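Everything below concerns the one structure shown next.
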Amino acid sequence: MATVTLNNICKSYDGIPISKNIDLEIQQGEFVVFVGPSGCGKSTLLRMIAGLEEITSGDLHIGGKRVNDVPPAERSVGMVFQSYALYPHLSVAENMGFGLKLAKTDKGEIDKRIGEAARTLQLSQLLDRKPKDLSGGQRQRVAIGRTMVREPQVLLFDEPLSNLDAGLRVQMRIEIAKLHQRLKSTMIYVTHDQVEAMTLADKIVVLDHGRVSQVGAPLELYHYPANRFVAGFIGSPGMNFIPAQVISANCDSARVSLPNGEQIELPVNGDGLSAGDNATLGIRPEHCVPAEQADASLVGDVNVVERLGDQTLLYMTIAGIDNAIVRLHGDRPIHANQSLAMGLDAKRCHLFRADGSACQRLYKEAGFDS
């Protein structure tokens with residue numbers, strides 16, 4: 001295990017910046033997930049840590065040692081790629097031990113490491129099989145095992161589940177989480193899937209256009225996003241955004257007017273807001289409440305109803321916003337073309353300034369002391 005420290009890391013291609021002034025501290029044994037949309041620079045950042053991309057400027061330390069100019073093989077990192085890249089003519093055991101064999105590791109040591117990794121990954125009964133005889137999830141475990149046997153201090157994962165179907169992705173998420181609990185290794189994982197990020201990470205790093213938008217625990221980002229981008233990216237389905245105008249604001253609250261003229265006072269730090277400012281109110285689909293329990297409400301038309309069993313998702317047109325989403329209990333008898341009120345619970349609402357930055361929520365969610 002090792003710490004990974006990035007100090008003002010930048011990466012440019014032909015003068016075009018890709019990663020911009022990245023500062024991160026990844027603790028020993030931490031499971032950190034880089035998440036963001038395609039093109040945000042998360043895989044580039046991972047490849048710089050692995051040594052597969054040259055760092056344009058800044059300093060990278062692994063285990064306290066500056067490694068900017070250290071070759072990948074000497075960084076004590078192991079990388080699991082999106083593609084399994086297994087040799088089809090070799091058995092599972094031969095695939096897992098191939099790198100050690102090239103490094104002229106003693107055969108007894110190779111067999112020992114393969115055996116340990118196979119037990120951890122539940123591959124002991126499959127060591128004699130060829131890749132063609134394995135399922136997608138088993139092949140991915142072999143690829144992980146091939147990296148594990150090198151005993152790196154840091155394990156890197158570059159979208160390892162994107163080639164699997166939905167059912168296998170869920171299964172492998174569980175397997176990777178169990179693996180981290182057993183190994184206690186420092187792991188850095190790249191994905192564009194925020195569900196993977198929320199379920200796997202000790203700490204999430206949200207990237208946007210090459211910059212770190214926010215770093216924090218999954219529920220911290222869910223309940224207290226730093227800006228509108230993070231609020232919209234974290235959470236499934238995504239947050240609803242409603243245009244609002246500031247009526248009054250101070251350090252304890254902000255009162256805003258909604259598109260239908262209703263007003264609602266939100267428990268947020270309204271410093272920096274002035275009467276007449278444009279703002280955006282955010283509410284998650286799961287935090288909408290019945291109109292009779294609401295501090296304010298917006299009436300809209302139901303366009304599409306998705307019944308998922310335990311829950312029902314309503315896609316609505318509200319205040320000129322298409323595809324606003326309300327999540328209800330699965331037993332609610334709602335149908336398309338029906339009018340319905342989206343009820344707003346003030347303490348569960350978010351407020352964003354015109355520049356996209358969030359006004360700090362003052363309501364303390366369960367489990368948060370500060």
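If only residues of the range 344-357 that are touching an Asp or Glu at 6+ places or on another chain (Cβ under 7 Å) and not charged (D, E, K, R) are counted, the one that is surrounded by the most Cβ atoms within 10 Å (Cβ to Cβ) is Leu344.
Considering only the range 219-257, how many residues are in a loop (DSSP other than H, G, I, E, B), under 19 Å from Asn269 (Cβ atoms) and small (Gly, Ala, Ser)? Number satisfying all stated conditions: 2. Criterion applied to Ala254, Ala319 was being among the aliphatic types (A, V, I, L, M), touching a residue at least 24 places away in the same chain (Cβ under 8 Å) and closer than 15 Å to Cys359 by Cβ, and the one residue passing it is Ala254. Checked against (1) more than 17 Å from Ala231 (Cα to Cα); (2) buried (at least 19 other Cβ atoms within 10 Å of the Cβ), Val305 passes all but a single condition, namely (2).
Counting only residues that are part of a loop (DSSP other than H, G, I, E, B) and polar (S, T, N, Q), which one in the range 83-110 is surrounded by the fewest Cβ atoms within 10 Å (Cβ to Cβ)?
Filtering the range 83-110 for residues that are part of a loop (DSSP other than H, G, I, E, B) and polar (S, T, N, Q), the one surrounded by the fewest Cβ atoms within 10 Å (Cβ to Cβ) comes out as Ser83.
Here Asn260 passes the criteria (1) over 16 Å from Gly343 (Cβ atoms); (2) assigned to a loop (DSSP other than H, G, I, E, B) except the one numbered (1).
Residue count for the range 322-343 satisfying the condition of being assigned to a strand (DSSP E or B), surrounded by fewer than 17 Cβ atoms within 10 Å (Cβ to Cβ) and either in contact (Cβ under 8 Å) with a residue 24 or more places away in the chain or among the acidic types (Asp, Glu) (or both): 2.
Of all the residues that make up the range 2-29, how many are surrounded by fewer than 17 Cβ atoms within 10 Å (Cβ to Cβ) and touching a residue at least 60 places away in the same chain (Cβ under 8 Å)?
Of the residues in that region, 7 qualify.
Looking at the range 137-144, is at least one residue in a helix (DSSP H, G or I) and in contact with a strand residue (DSSP E or B) (Cβ under 6 Å, 6 or more places away or on another chain)? Yes, there is a match, as at least one residue in the range 137-144 is in a helix (DSSP H, G or I) and in contact with a strand residue (DSSP E or B) (Cβ under 6 Å, 6 or more places away or on another chain).
Taken together, the values in this text are just the output of simple stated rules run on the coordinates, not laboratory data. This one's a predicted model, so the numbers in the text were calculated from it and none came from an experiment. FYI the Cβ positions are ideal-geometry reconstructions off the backbone, even for glycines, and counts take in every protein chain you see.
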